[in-house]
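Worksheet: one structure, shown below.
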Amino acid sequence: MKYLCLWILSFCLFVNSASSQQSSPEERIFLVIPRSNVPNSKVSYAEHKTILYGAIITFDIPNISAQVFHIPSKNNHPDYKHEEIYTSQSDLLYSTVLFVDQLTFGDFVELEQNVASYKYYMIFQEDYMTKNRFILDHRFKALEVAVRADGAI
């Protein structure tokens, strides 16, 4: 009986350690982007219906910028298969939410380098800051995006 209990215990420990070594699913990071173009803002949003949605973020240093863009999957682009998801406020509480107008160029470089570990989604600031976010199970539309940092590093 002792050997049977010892064998079951060792088997459970082996299964538990094997499951913890499996690769964890990609974490989600949500980027909040203003859709309206405000004069003197460092974020410029551009939308080409059904082709491309995105923003260009400019910084005070010349020739340095960052891009956040979504190419819908129906365009069949070979490099980008971006999805659209709906997420709730409770999901966002347990995720990382970043406002792009508060990020530095170094932050965008770090986001671009961590693309293997994270999936990035954009949520429009007008949707995120609406009073509807306090409604139970209100869903936000989030678009998967690619992040690029351009300039001298």
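The values are calculated or read from the model by the stated rules, or taken from the named source; none is laboratory data. Since the structure is predicted, the reported quantities are computational estimates derived from the model, not experimental observations. No Cβ is skipped: glycine too gets one built from the backbone with ideal geometry, and neighbour counts run over all protein chains shown. Accessible surface is based on the protein model in full, side chains and every heavy atom, while ligands, DNA and RNA are left aside. Shrake-Rupley method; radii C 1.70, N 1.55, O 1.52, S 1.80 Å.
Assuming a ≥ b ≥ c are the square roots of the Cα gyration tensor eigenvalues, decide whether region 25-152 counts as rounded (a/c under 1.5), prolate (otherwise, with a/b larger than b/c) or oblate. The shape class here is rounded. Quick check: from the Cα gyration tensor, does region 84-153 come out rounded (a/c under 1.5), prolate or oblate? Here region 84-153 falls in the prolate category.
DSSP beta bridges fully contained in region 25-152 are about 70 percent antiparallel. Note on residue 150 and residue 113: the model spin-label points, each 7 Å out from Cα along the C-beta direction, lie 2.1 nm apart. Summed over the residues of region 25-152 and divided among them, the accessible surface reaches 60 Å² per residue at a probe radius of 1.4 Å.
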